[in-house]
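Here the structure comes first, spelled out in structure tokens, and everything after it is commentary.
The values are calculated or read from the model by the stated rules, or taken from the named source; none is laboratory data. It should be emphasised that the depicted structure is a prediction, and the values quoted were computed from it without experimental measurement. All Cβ positions, glycine included, derive from the backbone under ideal geometry; neighbour counts span all protein chains shown. We work out accessible area using only protein heavy atoms, side chains counted, and drop any ligands, DNA or RNA first. Shrake-Rupley method; radii C 1.70, N 1.55, O 1.52, S 1.80 Å.
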Amino acid sequence: MGGLSLGEKHFIQGGIAQDLRCDGRKRLAYRPIYVETGVIPQANGSARVRMGATDVIASVKAELGKPSLLQPDKGKVSIYIDCSSTAEPAFEGRGGDELATELSVALQRCLLGGKSGAGAGIDLSSLIVVEGKICWDLYIDGLVVSSDGNLLDALGASIKAALSNTGIPRVQVAAGTANDEQPEVDVSDEEFLQFDTSGVPVIVTLTKVGRHYIVDATSEEESQMSSAVSISVNRQGHICGITKRGGAALDPSIILDMISVAKHVSEQVINKLDSEIASAEAQEES
Amino acid sequence: MEFVSPEGLRLDGRRPMEMRQIRAEIGAVSKADGSAIFEMGNTKVIAAVYGPREVQNRSQQISSHALVRCEYSMANFSTGDRMRKPKGDRRSTEISLVIRQTMEACILTHLLPRSQIDIYVQVLQADGGTRSACINAATLALADAGIPMRDFVTSCSAGYLNSTPLLDLNYVEDSAGGPDVTLGILPKLDKVTLFQMDSKLPIDILENVMQLAIEGCKAIASYIREILLENTNQLEYRRGV
């Protein structure tokens with residue numbers, strides 16, 4: 001966002017300092033979140049999340065694959081984000097790749113945990129079909145359709161909603177195959193297993209503008225930020241991942257302060273999101 | 001394979017001359033100057049228009065008329081099998097070009113000299129006829145952006161399988177290998193702006209298939225007109241006129 005005049009910049013900064021932002025929100029208030037599930041019928045699960053003018057779609061596709069040698073008892077999950085040029089003309093061609101990679105990596109860090117798979121928001125051992133031989137590979141694809149700031153939180157919310165919308169087909173494994181052979185499987189197209197998404201964290205991004213920090217910044221506000229810290233928190237209030245973006249350095253005590261604020265805000269966000277997901281699913285069924 | 005049953009029904013239960021259900025929505029991307037979602041059955045595309053605005057790359061500026069650009073991209077999840085890195089392959093470049101040329105023909109570019117209009121189309125779901133759906137979505141988005149046009153372009157495809165002309169092919173019928181005619185018309189001027197066909201077809205049959213596609217385009221045109229009218233009425237209501 002380069003087209004802001006000096007007056008506009010001061011207005012945004014002054015508003016944040018006085019706890020009254022341009023759209024009338026307080027510093028720690030989110031925009032209303034709208035969730036729609038099942039938007040991509042071809043996928044195993046999908047959701048569209050809108051927060052103000054930010055609009056993202058996430059889809060989950062499950063494919064049978066082979067678990068890695070190091071973790072024979074775990075399935076695999078990968079997250080890819082794509083920034084559509086509909087969101088911003090600057091994303092044309094390869095222009096959106098840098099942001100897309102930044103978002104993908106941040107989401108992987110926040111949702112998938114470490115290399116060992118420990119601490120992942122998604123229970124990877126529930127994706128195993130035959131230990132060491134067959135597992136489900138989950139491909140989570142996010143698409144940014146329209147961007148007005150706070151993409152990471154919106155993408156995190158859409159992935160959570162898409163996962164709770166996901167049905168993994170039940171798999172029957174043919175008995176009596178030799179140990180070293182690849183067992184034959186029968187994928188059911190009627191029975192689906194629902195995913196337990198209660199452990200999937202939400203992401204709260206605190207954007208620092210001037211001396212204060214705000215949640216759910218719009219792109220105008222993001223253009224004035226000095227740095228932003230994204231914290232993913234699960235339902236138990238545990239921190240699952242932290243990413244800091246932006247150039248300016250932060251005092252360690254401020255970061256700790258931000259974390260405790262994020263923890264507090266996340267409770268409201270999780271409750272809001274859960275009720276939105278539940279009503280979206282109810283609407284889809286009716 | 002049998003694409004038309006003896007009872008005269010197609011694989012998805014349609015009659016040969018029946019179109020899939022179409023749905024359009026204006027204003028899907030609030031940050032863009034104009035935008036629309038267009039659905040034809042399971043095919044779903046979003047179009048966003050930015051402009052008319054200052055030319056970003058000065059060397060491309062044209063002093064007599066507007067510069068029209070178009071980018072077509074497919075989402076990773078848009079097809080049945082997941083695919084990676086869809087941007088910039090030959091197929092999307094070709095479709096971008098087709099959409100650009102088609103839209104350029106109907107925009108009154110000479111009224112907007114030294115400016116640039118960007119059309120971005122994003123396929124969310126592909127089930128045959130993405131080309132047509134993209135053009136229809138782009139028309140709506142251009143109209144939403146208030147860009148002067150001669151007429152709007154509407155597009156529809158038709159094919160010929162099992163000795164029957166079929167309107168609006170879906171993915172299975174499209175990949176059957178029969179002829180696939182994609183047609184774009186200017187409904188008010190009654191002129192053809194886009195015409196593409198692959199594989200061979202006797203001329204007299206082509207005439208039938210083409211007529212069918214024109215009927216399809218006209219049906220879409222009347223729907224698009226309805227949607228635009230409704231949108232304008234709503235705008236009027238909001239302004240309190």
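Does segment A:194-201 contain any residue that is open to solvent by less than 80 Å² (accessible area, probe 1.4 Å), in contact with a strand residue (DSSP E or B) (Cβ under 8 Å, 6 or more places away or on another chain), hydroxyl-bearing (Ser, Thr, Tyr) and within 19 Å of residue A:107 (Cβ to Cβ)? No: segment A:194-201 contains no residue that is open to solvent by less than 80 Å² (accessible area, probe 1.4 Å), in contact with a strand residue (DSSP E or B) (Cβ under 8 Å, 6 or more places away or on another chain), hydroxyl-bearing (Ser, Thr, Tyr) and within 19 Å of residue A:107 (Cβ to Cβ).
Scanning segment A:222-255 for residues that are in a helix (DSSP H, G or I) and more than 27 Å from residue A:274 (Cα to Cα) returns A:252, A:253, A:254, A:255. Residues of segment B:16-38 that are within 11 Å of another protein chain (Cβ to nearest Cβ) and open to solvent by 30 Å² or more (accessible area, probe 1.4 Å): B:27, B:30, B:31, B:33. Among the residues making up segment B:45-57, those that are within 23 Å of residue A:48 (Cα to Cα) and more than 8 Å from chain A (Cβ to nearest Cβ) are B:45, B:49. Residues in segment A:222-245 that are crowded, with 23+ Cβ neighbours inside 10 Å and not small (Gly, Ala, Ser): 2 in all.
The residues on offer are B:66, B:28, and the sole one that is of a type outside the set (Lys, Arg) and under 17 Å from residue B:125 (Cβ atoms) is B:28. The residues in segment B:176-222 that are surrounded by fewer than 19 Cβ atoms within 10 Å (Cβ to Cβ) and closer than 21 Å to residue B:22 by Cα can be counted, and the count is 8. I'd like to know if segment A:16-23 contains one or more residues that are part of a helix (DSSP H, G or I) and basic (Lys, Arg). No, segment A:16-23 contains no residue that is part of a helix (DSSP H, G or I) and basic (Lys, Arg). Taking (1) touching a residue at least 40 places away in the same chain (Cβ under 8 Å); (2) buried (at least 19 other Cβ atoms within 10 Å of the Cβ) in turn, residue A:89 satisfies each apart from (1).
For the condition under 22 Å from residue B:226 (Cβ atoms), in contact with a Ser or Thr (Cβ under 7 Å, 6 or more places away or on another chain) and among the β-branched types (Val, Ile, Thr), residue B:29 qualifies. Between B:102, B:93, B:109, the distinction of being open to solvent by 70 Å² or more (accessible area, probe 1.4 Å) and more than 10 Å from chain A (Cβ to nearest Cβ) belongs to B:93 only. For segment A:248-286, a residue qualifies if it is small (Gly, Ala, Ser), more than 19 Å from the chain's Cα centre (by Cα) and open to solvent by less than 80 Å² (accessible area, probe 1.4 Å), and the qualifying residues are A:248, A:253, A:260, A:279, A:282. Output yes when any residue across segment A:104-117 is within 14 Å of another protein chain (Cβ to nearest Cβ) and either in contact with a Gly (Cβ under 8 Å, 6 or more places away or on another chain) or at pLDDT 90 or above (or both), and no when none is. Yes.
Tallying residues that are facing another protein chain (nearest Cβ under 9 Å) and under 20 Å from residue A:87 (Cα atoms) within segment B:63-83 yields 7. Residues that are at the interface with another protein chain (Cβ under 10 Å from one of its Cβ atoms) and open to solvent by less than 40 Å² (accessible area, probe 1.4 Å) within segment A:45-61 comprise A:46, A:48, A:53, A:54, A:55, A:57, A:58, A:59, A:60, A:61, listed in sequence order.
For segment A:256-268, state whether one or more residues are under 21 Å from residue A:27 (Cβ atoms) and outside any helix (DSSP H, G or I). Among the residues of segment A:256-268, not one is under 21 Å from residue A:27 (Cβ atoms) and outside any helix (DSSP H, G or I), which makes the answer no.
Suppose we keep only residues that are facing chain B (nearest Cβ under 9 Å) and open to solvent by 60 Å² or more (accessible area, probe 1.4 Å) within segment A:62-86. Which one would you say is nearest to residue A:160 (Cα to Cα)? Within segment A:62-86, the match that is nearest to residue A:160 (Cα to Cα) is A:80. Of the residues that make up segment B:119-127, is at least one touching a strand residue (DSSP E or B) at 6+ places or on another chain (Cβ under 7 Å) and either open to solvent by 50 Å² or more (accessible area, probe 1.4 Å) or farther than 22 Å from residue B:168 by Cβ (or both)? Yes: one or more hits. If only residues of segment A:123-166 that are closer than 14 Å to residue A:108 by Cβ and surrounded by fewer than 24 Cβ atoms within 10 Å (Cβ to Cβ) are counted, the one that is farthest from the other protein chains (Cβ to nearest Cβ) is A:124.
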